[in-house]
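Structure, as structure tokens:
The values are calculated or read from the model by the stated rules, or taken from the named source; none is laboratory data. Values in this document were obtained by computation on a predicted structure and should not be read as measured data. Positions of Cβ are backbone-derived with ideal geometry, glycine not excepted, and every protein chain shown enters the neighbour counts. Side chains included, ligands, DNA and RNA excluded: accessible areas come from the protein's heavy atoms. Shrake-Rupley method; radii C 1.70, N 1.55, O 1.52, S 1.80 Å.
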Amino acid sequence: MEKATVHIALFAALIAALGLIPKLMLTSGVPITAQSMGIMMAGTILGAKRGAAAVALFVALTLAGLPLLSGGRGGLGVLAGPSVGFVVGFPIAAWATGWIMERLHALPVSIAAGVAAMIGGIVILYIPGVAGMALMLDKSWSQAAMLITPFLPGDLIKAVITAILTQAIFAARPASVFSRSGSSL
Amino acid sequence: MLALTYSPQTPLHALSAPIKLMALSGITTALFIIPTGWASMVLGGAALALYAAMGSAFLRAGLRTLNGLWPFVVVLGLWHGWQGDWDGGILILARLITAVAFANLVTMTTPLQDMIACLVRLLHPFRRLGLNPNAVSLAIAMMIRFIPVFMARAEQLKMAHRARSHRSGRWAIIFPLALGMLDDADTVAEALRARGGITPKD
Amino acid sequence: MKNPHISINQVSLSLGDRSILCDIDAQLNDRRIGIVGRNGSGKSTLARCLCGLIKPTSGMVQIDDIDIYKDRKRAIQKIGILFQNPDHQIIYPTVGEEIDFGLRQIGHTAPQARDKTRQMLAHFDTLDWIDRQTASLSQGQKQLLCLMSILAMEPDVIVLDEPFSGLDIPTRRILGDVFQSLPQTLIHITHDPAVIETYDRILWLDAGQIHRVGTPEQVLPEFMDAMMTASGLT
């Protein structure tokens with residue numbers, strides 16, 4: 001119980017620290033952030049339940065008033081803006097990523113993490129993300145979806161980096177990758 | 001790492017957090033349910049008045065928090081401009097800005113501890129599902145304690161990278177940062193157990 | 001071989017309204033340089049300025065006429081730094097990759113880098129480390145790895161920022177012997193005068209300014225006196 005709680009708390013802190021790393025601008029003008037990889041890694045490393053809890057904790061404290069989102073954003077204003085769907089979707093995405101990661105235990109870590117990150121971190125995340133945007137900007141789902149398509153290439157890159165990082169972490173600390181080690185937290 | 005609460009205190013700081021949060025829910029619901037643009041204009045005006053009533057410095061700080069909406073202002077402007085639907089665009093924008101303004105007003109006038117207290121209270125029903133409120137409080141405290149630790153470590157790793165490379169190290173440092181976090185988690189969990197562990201919920 | 005010329009020109013650094021370094025000015029040609037001072041005297045900040053890791057608010061650091069902050073490509077081959085905590089320095093999962101990294105940064109191809117990595121490891125009798133997980137090394141071994149990573153880049157100057165922190169006595173001794181055997185110019189930052197007694201020049205930093213400069217005989221006894229009588233925790 002202590003181990004689980006501590007891992008959840010510290011992973012949430014890590015996601016916050018990743019917000020400090022400056023965005024990388026792709027040639028298409030679309031940024032990718034290290035923090036969004038942290039969200040996916042919560043799933044690939046801690047698994048579905050603990051990963052989702054870590055990301056939920058991070059989101060909760062951001063909404064409570066800490067400027068933890070990339071770019072130093074935070075507070076309840078985040079919920080009232082167009083990216084509300086993404087913020088709310090982060091814990092869901094982490095859960096989905098972790099769930100898929102756990103199911104794919106027969107595959108090598110890098111492949112499992114890549115698949116999990118792509119489905120959980122992109123497909124699943126974009127459902128609430130697009131819905132939120134559609135609501136806030138008063139557009140239809142397909143119109144909102146159009147607005148986010150430029151971000152897809154960046155997200156694919158993020159999923160690949162997540163896979164590589166998860167593999168490296170697993171090689172260094174196999175017991176700490178709880179989605180794999182099956183050791184009880 | 002400072003919270004987004006504004007200081008010095010304003011009269012709105014004195015209102016309790018639950019009241020402000022409930023008011024915020026009501027206002028935001030109204031904004032999105034009342035279909036005419038009047039709701040946005042009236043409420044928008046009310047938000048502006050409230051900010052101004054707390055002082056010009058407060059108003060300026062509040063306007064700064066709206067900066068993040070610029071990309072969407074541009075997107076909506078282009079979209080609705082191209083369709084010739086300026087009115088529609090302005091109304092959506094007014095609604096958006098008003099909602100964000102009220103939300104940020106609550107954030108700026110509510111201390112972090114109060115918001116956390118509300119959060120913990122909201123989690124009350126989950127006790128029945130096995131959630132231990134002591135674990136939640138501890139997790140919140142630990143997260144806050146470690147954010148500056150990891151931020152400082154990220155800075156140090158950035159410098160270590162810069163000492164050996166003229167390129168940007170922003171991706172290279174994620175690995176050691178994550179590893180450090182996992183190692184710290186093991187040590188902290190041990191230390192916690194050595195001090196009695198987390199109090200069971202009952 | 002002529003020693004590199006280190007030129008610290010009126011370097012000042014403030015963070016917000018806090019002054020951390022004030023008008024540090026020194027021309028150094030010595031092979032063994034020590035910097036002493038209490039914690040909080042600005043030693044680490046000066047170390048980072050010397051390596052071009054942070055920008056002084058005013059003034060500049062040059063080594064052999066290279067602007068260390070601006071000209072990063074040449075700077076990383078002029079000066080390297082060994083940090084206090086190797087866990088803050090090691091970036092890669094395996095030993096080989098960690099040393100390869102610096103070599104790739106200075107322009108070697110992957111095979112060239114791997115070759116030089118092997119040479120470096122062989123020089124320290126640690127060739128069997130090449131595929132080891134960095135995370136599995138002891139603190140002392142990690143410090144040695146960090147040193148090897150820097151030496152691979154063949155700098156002329158190496159800054160040692162309190163490199164013995166947290167190491168046991170035998171490890172300090174062994175690492176200390178390694179340091180002394182290095183042909184490079186060493187700038188050793190420490191609050192323990194014993195490790196720099198045989199050095200050529202000592203800078204004593206106090207509250208962000210140079211309090212004394214001179215030989216160990218000139219500076220260290222007065223420094224020790226001041227330390228024994230100083231009150232107050234930093």
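Can you give the FRET efficiency for B:ALA23 and B:LEU63, using 1/(1 + (r/R0)^6), R0 = 30 Å, r = Cβ-Cβ distance, to the nearest 0.05?
Efficiency, from the Cβ-Cβ distance: 0.90.
Run the quick spin-label model on A:TRP141 and C:LEU233: label points 7 Å from Cα toward the beta carbon, then report their separation in nm to one decimal.
6.0 nm
Can you compute log10 of I(q)/I(0) for segment A:1-83 with the Debye formula, treating each Cα as one identical point scatterer, at q = 0.12, 0.13, 0.15 Å⁻¹?
Taking Cα atoms of segment A:1-83 as identical point scatterers yields -0.36, -0.42, -0.55.
Using R₀ = 25 Å, calculate the FRET efficiency as 1/(1 + (r/R₀)^6) where r is the Cβ-Cβ separation of C:MET224 and C:HIS5; round to 0.05.
0.25
Using the Kirkwood radius over Cα pairs, work out the Stokes-Einstein diffusion coefficient for segment C:1-102 at 25 °C and 0.890 mPa s, in µm²/s as a whole number.
The estimated diffusion coefficient comes to 164 µm²/s.
Taking only Cα atoms of chain B, what ratio of Rg to Rh do you get with Rh as the Kirkwood inverse-distance radius?
That ratio equals 1.07.
First select every other residue whose beta carbon is under 12 angstrom from the beta carbon of B:PHE146; then total the charges, Lys and Arg +1, Asp and Glu -1.
So the environment of B:PHE146 carries a net charge of +1.
Obtain the nm distance between the two label points defined at B:HIS166 and B:ARG193 by a simple spin-label model: each point lies 7 Å from its Cα along the Cα-to-C-beta direction.
5.0 nm
Top mean-square fluctuation among C:LEU144, C:LEU182, C:LEU21, Gaussian network model of chain C, C-alpha springs under 10 Å?
Answer for the Gaussian network model of chain C: C:LEU182.
In percent, how large is the relative contact order of segment C:85-160, given Cα pairs closer than 8 Å and 6 or more residues apart?
The value is 45 percent.
For peptide A:170-177, compute the average count of partner chain beta-carbon atoms within 10 Å of each residue's beta-carbon.
Partner-chain Cβ atoms within 10 Å, mean over residues of A:170-177: 4.
Other chains' Cβ within 10 Å of A:80-89 residues: what's the mean?
Average neighbour count from other chains, rounded to a whole number: 4.
Could you pull the accessible area for B:CYS118 with a 1.4 Å probe, rounded to 10 Å²?
Number for this one is 10 Å².
Per DSSP helix of 4 or more residues, -39500 (n - 2.57); summed, then divided by the residues of the protein assembly as shown. What does that give at 222 nm, rounded to the nearest 500?
-18000 deg cm²/dmol
Ignore the peptide's own chain and count Cβ atoms of other chains within 10 Å of each Cβ in C:26-32; give me the average, rounded.
0
Quick one: what do you get for segment B:13-75 if you divide its Cα Rg by 2.2 N^0.38 Å?
Cα Rg divided by the expected 2.2 N^0.38 Å: 1.26.
Return the lysines within reach of C:LYS78: Cα separation strictly under 28 angstrom, same-chain partners fewer than 8 residues apart disregarded; answer none if there are no such residues.
Reachable lysines: B:LYS158, C:LYS2, C:LYS43, C:LYS55, C:LYS70, C:LYS116, C:LYS142.
To one decimal place, what orientation-averaged projected area in nm² is obtained for the convex hull of the Cα set of the protein assembly as shown?
With the hull built on Cα positions only, its mean projection is 32.0 nm².
Does segment C:106-162 come out rounded, prolate or oblate by the C-alpha gyration tensor, with a ≥ b ≥ c the root eigenvalues, rounded set by a/c under 1.5 and, if not, prolate when a/b is larger than b/c and oblate if not?
oblate
Within the set of other residues whose C-beta is less than 12 Å from the C-beta of C:GLN133, count the net charge using Lys and Arg as +1 and Asp and Glu as -1.
Cβ neighbours under 12 Å give a net charge of 0.
Which whole-number percentage describes the relative contact order of chain C, with Cα contacts under 8 Å and a sequence gap of 6 or more?
27 percent
What number in nm² do you get for chain A if you take the convex hull of its Cα atoms and divide its surface by four?
With the hull built on Cα positions only, its mean projection is 9.9 nm².
Label segment B:45-137 by shape, choosing from rounded, prolate and oblate, from the square roots a ≥ b ≥ c of the eigenvalues of the Cα gyration tensor; if a/c is under 1.5 it is rounded, and otherwise prolate applies when a/b is larger than b/c, oblate when it is not.
oblate
Restricting to bridges with both residues inside the protein assembly as shown, how much of the DSSP beta-bridge set is antiparallel, in percent to the nearest 5?
Restricted to the protein assembly as shown, the bridges split so that about 55 percent are antiparallel.
Hey, for a label at C:SER14 modelled as a point 7 Å past Cα toward Cβ, could you say which residues of segment C:42-67 have their backbone N under 12 Å away?
Only C:57-58 fall inside the zone, counting backbone N under 12 Å.
Could you grab the Rg to Rh ratio for segment B:124-202? Cα atoms only, Kirkwood for Rh.
1.16
So what is the relative contact order for chain B, in percent, with contacts set as C-alpha pairs under 8 Å and at least six apart?
Answer for chain B is 25 percent.
How far apart, in nanometres, would the label points at B:ASP85 and B:ARG145 be if each is projected 7 angstrom from Cα along the Cα-to-Cβ direction?
Result for the modelled spin labels: 5.3 nm.
Show me the ranking of peptides A:129-136, C:209-216 by mean Cβ neighbours inside 10 Å, starting with the highest.
A:129-136, C:209-216
What residue among A:ALA106, C:VAL178, A:VAL84 has its Cα farthest toward the positive end of the dipole of the protein assembly as shown, where the charges are +1 on Lys, Arg and -1 on Asp, Glu, each on the Cβ?
Projecting each Cα onto the dipole axis, the largest value belongs to A:VAL84.
Loop only per DSSP, at most 16 neighbouring Cβ atoms within 10 Å: give me the trypsin sites (Lys or Arg not before Pro) in segment C:36-145, ordered by residue number.
Counting only loop positions with at most 16 other Cβ atoms within 10 Å, the trypsin sites (Lys or Arg not before Pro) in segment C:36-145 are C:LYS70, C:ARG132.
Estimate the FRET efficiency between C:CYS22 and A:ALA131 by the formula 1/(1 + (r/R0)^6), using the beta-carbon distance for r and 56 Å for R0, to the nearest 0.05.
0.50
Which of the aspartates and glutamates could be linked to A:LYS49 by a straight reach, that is with a Cα gap under 13 Å, when you skip same-chain ones fewer than 8 residues away?
A:GLU102
Kirkwood hydrodynamic radius, computed over distinct alpha-carbon pairs, for segment B:1-110: how many Å, to one decimal?
Answer for segment B:1-110: a Kirkwood hydrodynamic radius of 14.8 Å.
Based on alpha-carbon positions alone, could you give the equivalent ellipsoid semi-axes of chain C from the gyration tensor, as √(5λ), descending, whole Å?
Rounded to whole Å, the semi-axes are 30, 21, 16.
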